[in-house]
Number of protein chains: 2
Amino acid sequence: MLKISDDEMRSEDLVDEESIVGRIYEAIIDQRLPPGTKLSEATLCEAFGVGRMRVRRSLLLLSSRGVVDLQNNRGAYVAQPTLSQALQVFEARRAIEPNVARLAAERANGADVLELSGHLDMEADAQKKGDRRLAIRLSGQFHVKLAEVAKNEVMERMVKELVTRTSLIIGIYGAAGTKNCHDDEHREILTAIGGNDGDAAATLMERHLRHIERQVDLSSDRKQRVDLIKILSRGAS
Amino acid sequence: MLKISDDEMRSEDLVDEESIVGRIYEAIIDQRLPPGTKLSEATLCEAFGVGRMRVRRSLLLLSSRGVVDLQNNRGAYVAQPTLSQALQVFEARRAIEPNVARLAAERANGADVLELSGHLDMEADAQKKGDRRLAIRLSGQFHVKLAEVAKNEVMERMVKELVTRTSLIIGIYGAAGTKNCHDDEHREILTAIGGNDGDAAATLMERHLRHIERQVDLSSDRKQRVDLIKILSRGAS
DNA sequence: CATGAGAGGATTGTTAACAATCTTTGTCAA
DNA sequence: TTGACAAAGATTGTTAACAATCCTCTCATG
């Protein structure tokens, strides 16, 4: 069952598809919607209070961004990135985000740095309080905010998609035991940005992304295990 | 009137939205569909031989990729990138494509190099024969093919979008007088790829992109002129 | 002659019904 | 008990009609 009741239900003023897409993005980043979750049209209609057409169009968008798997006559499912796709997503992030960080460093003004710093405070707070869900969301949002500061909407959209897909990858390929907080690395990047040091920001971002990637257990056995569990639990339900 | 009759009409076997999106991508790259062209649902239905739903979903996808401007109750128009958007697109290309070229250099095998070389031959041929339309299309496709060789579908999709949007930018901001053939630069990049020299490929790609960007007249007066012409021709028709 | 109101037509947005497909359930026989 | 088969139910895909909005042309008026 979809857990899109608390935040999502109350606002009945959803008009365009992008809003719905944004909501589902967030739910996936929070890992409220684990990979493989069925997204039935009827459920989404009820959850968002919109007609079927809106839902179907939103699902199409999500599908075109690799976040949802649209199967013919069988419905929509939260994507389960394959190992190969996971590697491609990380590769794309390493290609793009260091440059985003560089641009952010070149263009950040005092207000931007303050805003980002406040964001990192919240991130640390969530971490300290053990609010894992919030911590994950804020951590992902930091990367998107960097693209905002870089003032490039094209790249911002790309980062948004990649961050979301990374959440799916982490959901599948683990990082279960390990700590997934590189809070300090975010802070380091921000320091470089505050000093308008583009090269440093880019280098730190690349290292940060490599750490995230290493944290994920991409030895395919883990995926096997998860798949097995999924299969078993399907059989049991 | 849409000039989607020759190539597009004959194949009535269009099933999924991505095919339609691909067709419109190509038409835009070829500059058969200039920026600002109205894409009415009825026309597209007839052109592609599909129902209205298919067309509307395709337009939504194109809109989400910045290639089409979807106006409320007013229909869909081929996007007219603003100056700011144009700069962002070029910025994104400079961020991504050098890395694509690097990966392509690292992963290209003999067959890939041969394939790319053949492509460049066709490009030179079209140039020589003065088939401007084909030359433009092939030139754009080269960038996409590099992403193919890099074996990263995520980045391939991004490059596809960026190349298409670049065609729109060129359509608006000119490159009217100047030669837009950097055929030799493509060849240089391929040489680096053939030698598995990732750094060289990346450097050459960045230089190539800067040349493309410089070729475009981003001094906003040009845009003004084009807009004026458009307004006048609208009044006259 | 310019301007604005309004009717008509054309285009887009939405809904609901229908068709097609898949999934589940129940039954029967091996 | 297990497996195959068929019917019922649920879900998705498509179409067509309807509603709402916008555009254009006409015509009256200052």
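None of the figures in this text is laboratory data; all of them are computed from the coordinates on show. All figures in this text were calculated on a predicted structure; none of them were measured in a lab. Methodologically, a virtual Cβ is constructed for each residue, glycine included, from the backbone with ideal geometry; neighbour enumeration extends over all protein chains shown.
Note: relative contact order over region A:45-102, using C-alpha pairs below 8 Å and six or more positions apart, is 16 percent.
Contact order, relative form, for region A:82-156: 41 percent (alpha carbon pairs under 8 Å, 6 or more residues apart, mean separation divided by residue count).
For peptide B:82-88, the mean count of partner chain Cβ atoms within 10 Å of a residue's Cβ comes to 2.
Each of B:GLY140, B:ALA192, B:ASN152 was scored by the projection of its Cα onto the charge dipole of region B:83-221, and the greatest displacement toward the positive side belongs to B:GLY140; charges sit on the C-beta of Lys, Arg, Asp and Glu.
Legend: mean number of C-beta atoms from other chains within 10 angstrom of residue C-beta atoms, peptide B:146-158, equals 5.
Structure note, pairs A:LYS38/B:LYS38; A:LYS38/B:LYS160; A:LYS38/A:LYS128; A:LYS160/B:LYS151; A:LYS151/B:LYS160: Cα-Cα distances above 26 angstrom occur for A:LYS38/B:LYS38; A:LYS38/B:LYS160; A:LYS38/A:LYS128.
Derived scalar couplings between HN and Hα for region A:24-39 equal 5, 3, 4, 4, 6, 4, 5, 6, 7, 10, x, x, x, 4, 6, 10 Hz in order, rounded to whole Hz, by the Karplus curve 6.51 cos²θ - 1.76 cosθ + 1.60 (θ = phi - 60°), x for Gly and Pro.
Placing one equal scatterer on every Cα of region A:83-221 and applying the Debye formula, the log10 ratio I(q)/I(0) at q = 0.14, 0.16, 0.21 Å⁻¹ is -0.59, -0.78, -1.33. With a simple spin-label model that places each label point 7 Å from the Cα along the Cα-to-Cβ direction, the separation between B:CYS45 and B:ASN73 comes to 2.1 nm.
May I ask you to derive the relative contact order of region A:83-221, considering only C-alpha pairs under 8 Å and at least 6 residues apart, and to give it as an integer percent?
So the answer I get is 42 percent.
Could you tell me the center-to-center distance, by alpha carbons, between region A:32-88 and region B:148-165 in angstrom? Region A:32-88 and region B:148-165 have Cα centres spaced 23 Å from each other.
Between copies, the label points at B:GLN31 (set 7 angstrom from Cα along Cα-to-Cβ) are spaced 5.1 nm, reported in nanometres from shortest to longest. Peptide B:90-97 has a mean shielding of 5, counted as Cβ atoms of other protein chains within 10 Å of each residue's Cβ.
Label-point spacing at A:THR82 relative to the other copies reads 4.1 nm, in ascending order, each point sitting 7 Å out from Cα along Cα→Cβ. Our coupling estimate for region B:193-204, obtained by passing each phi through the Karplus curve with A = 6.51, B = -1.76, C = 1.60 and θ = phi - 60°, is 5, x, x, 6, 9, x, 4, 4, 4, 5, 4, 5 Hz, Gly and Pro reported as x.
Sorted shortest first, the separations between the A:LYS129 label point and its copies elsewhere in the assembly read 6.8 nm; each point sits 7 Å from Cα along the Cα-to-Cβ line.
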